[in-house]
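Okay, so here's the structure we're looking at.
The values are calculated or read from the model by the stated rules, or taken from the named source; none is laboratory data. The model shown is predicted, which means the values in this text are computed figures rather than measured ones. Neighbour counts run over all protein chains shown; Cβ positions are idealised from the backbone, glycine included.
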Amino acid sequence: MPHEKAQRDEEVEAATELARDVAADLDAVLLTHYDDPETLDTFRPGETSIETVLAVNRAVAAEMIAQGVEVFVQRADRAAFRRWMREREDTPENRRGWIDRDRLLRGDAALRLIGLRPTAPTATKPRFERLPGPVADRLLAAFVAGEPDDLEALAEDLLLAGREDVLDLAIRKAAEHHGDENADELAGMLRSVAEGAAVGPSGWAELVALPVALAQGRPPAATLIGEGLIASGALADSLELRFLPLWRSPDAIAHLSPAASRRVLLELVAGVEPRDLPPADVDELAKGGFGVLVGLQIDWDIPVWDDIAAAEGRTAVPGEEDPGGAEATRAATLFDRWRGSIFEASGGCVPLALVAPSEVEAEIAEFLDEAGAQTLGLEEIVELIARARHEAGDEEVVCRLEITDEGLELSLYTARGRHLGDLSLPVDRLPARAVEMPQIIGRFVRVVRDAPGR
């Protein structure tokens with residue numbers, strides 16, 4: 001028994017020292033609590049005693065809290081863990097990868113579970129003087145001096161305190177003293193701060209938006225696109241995305257103030273419709289040509305203590321998990337594949353990129369710039385079809401397409417097989433990806449697999 005206690009004390013001391021070393025690199029940490037030896041053995045077979053694990057958890061949590069790190073705790077669930085492992089290779093890394101997202105505990109509840117007194121400090125709103133002018137001047141000074149860290153810290157405190165008056169005044173002062181362009185830049189920076197916060201079940205959540213170029217006619221159901229992206233596999237495993245079920249207007253998003261953006265974020269975290277961003281009129285969206293899906297993105301990439309301990313602290317500093325960018329390449333490929341499927345399923349809608357709401361205007365403008373450079377190709381196609389119809393008289397005109405490495409080859413015929421003309425378009429002049437062109441051209445003329453009569 002004395003030997004067991006000495007070994008336990010040694011492991012606890014080593015864990016405490018490691019926690020002290022890595023705490024500066026962490027905002028949060030996740031501990032796993034085991035109710036009994038059988039559960040521990042299921043997760044970590046034959047590794048150590050449950051008394052030691054529980055003592056290590058208490059020591060690590062106490063040290064992390066002392067260093068200002070938020071502690072999350074999950075209760076090990078044998079049944080859920082076995083289901084998780086069914087589809088995975090039985091490796092220590094996969095065993096440590098199980099996270100019970102739906103039942104994570106934080107704050108006092110987390111500390112009670114692992115046997116610590118609830119000592120987590122209660123968050124209080126920052127306090128500022130009643131008059132907005134001096135604080136607005138501080139915010140503007142940080143902006144002018146190019147101190148983004150100071151600006152973000154002060155802006156976050158003002159958002160927490162509900163001081164919308166200070167934020168608005170700082171933007172007005174920026175316009176008066178430094179011009180509208182600088183005022184817009186400051187407003188954008190403040191909105192960027194407001195769109196993400198240490199809230200939600202994982203400790204961090206942010207607003208995201210998916211602008212979509214709509215096809216002619218009534219827009220499709222927003223859920224068709226939102227649910228499709230979530231199911232596409234294009235999102236990182238550590239991200240959870242929850243879209244609002246209805247379309248939002250790009251103009252309404254563009255006019256959100258920083259404070260309104262934060263209210264939208266908090267309401268989405270609470271699972272309620274945002275008052276500052278009501279659903280759009282779909283007929284108006286159809287006229288404007290663009291709709292936006294707005295959602296909540298929850299970041300579940302919480303450092304796991306077992307991973308940190310296994311790597312002796314090396315995983316506490318991010319940056320080398322995917323050095324070759326393989327995961328980013330895979331995600332981009334899946335995203336493009338999903339965009340192509342949406343284009344076909346929706347009759348021509350084109351999702352743009354998943355961005356912050358404050359970036360929607362710029363994303364749409366970039367899309368229109370790119371589309372403008374490619375419209376000449378579409379005009380050539382339409383002109384060729386018009387000439388072919390004139391030459392064909394009363395006969396139906398059909399189109400045969402061939403996708404090549406260089407671009408697209410079009411050949412027009414009458415339905416009886418008379419050749420009417422050809423057109424070659426390089427990739428940089430196509431109005432969409434080559435694989436999407438049959439759907440686009442099919443709006444103007446019937447597309448056939450083979451040349452008629454051959």
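Structural remarks
- The set of residues in the stretch 279-310 that are over 30 Å from Ala61 (Cα atoms) and within 21 Å of the chain's Cα centre (by Cα) comprises Pro279, Phe290, Gly291, Val292, Leu293, Val294, Gly295.
- Meets criteria (at pLDDT below 95, outside any strand (DSSP E or B) and among the charged types (D, E, K, R)) for Arg263: no
- From the options Leu214, Leu241, Leu235, Leu224, residue that is of a type in the set (A, V, I, L, M) and either within 27 Å of Ala161 (Cβ to Cβ) or at pLDDT 95 or above (or both): Leu241
- Against the conditions (1) surrounded by fewer than 19 Cβ atoms within 10 Å (Cβ to Cβ); (2) modelled with pLDDT under 95; (3) small (Gly, Ala, Ser), Gly200 satisfies every one except (1).
- Matching residues in the stretch 124-169 - criterion: being under 22 Å from Arg263 (Cα atoms), in a helix (DSSP H, G or I), in contact (Cβ under 8 Å) with a residue 24 or more places away in the chain and among the small types (Gly, Ala, Ser): Ala136, Ala155, Ala161
- Among the residues of the stretch 179-198, those that are in a helix (DSSP H, G or I) and in contact with a helix residue (DSSP H, G or I) (Cβ under 7 Å, 6 or more places away or on another chain) comprise Asn182, Ala183, Leu186, Ala187, Gly188, Met189, Leu190, Arg191, Ser192, Val193, Ala194.
- Pairs with Cβ under 7 Å, 6+ apart, first in the stretch 430-451 and not assigned by TED's automatic domain parsing to the domain that holds Arg339 and crowded, with 17+ Cβ neighbours inside 10 Å, second polar (S, T, N, Q) and in a helix (DSSP H, G or I): Leu430/Gln374; Pro431/Gln374; Pro431/Thr375
- Counted residues, the stretch 284-304 - those being part of a helix (DSSP H, G or I) and either without any contact (Cβ under 8 Å) to a residue 12 or more places away in the chain or in contact with a Pro (Cβ under 8 Å, 6 or more places away or on another chain) (or both): 4
- Residue count, the stretch 213-234 (criterion: closer than 30 Å to Asp102 by Cβ and either crowded, with 22+ Cβ neighbours inside 10 Å or touching a Leu at 6+ places or on another chain (Cβ under 6 Å) (or both)): 8
- Among the residues listed as Arg275, Arg262, the single one being in contact (Cβ under 8 Å) with a residue 12 or more places away in the chain and in contact with a Leu (Cβ under 6 Å, 6 or more places away or on another chain): Arg262
Quick grid of which residues meet (1) closer than 15 Å to Val350 by Cβ; (2) out of contact with any Cys (no Cβ under 7 Å at 6 or more places or on another chain); (3) in a loop (DSSP other than H, G, I, E, B):
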| residue | (1), (2), (3) |
| --- | --- |
| Gly200 | no, yes, yes |
| Gly203 | no, yes, yes |
| Leu207 | no, yes, no |
| Gln216 | yes, yes, yes |
| Pro220 | yes, no, yes |
| Leu224 | yes, yes, no |
| Glu227 | no, yes, no |
| Ala236 | no, yes, yes |
| Glu240 | no, yes, no |
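- Among residues of the stretch 25-40, those that are at pLDDT 95 or above and either out of contact with any helix residue (DSSP H, G or I) (no Cβ under 6 Å at 6 or more places or on another chain) or of a type in the set (Gly, Ala, Ser) (or both), counted: 2
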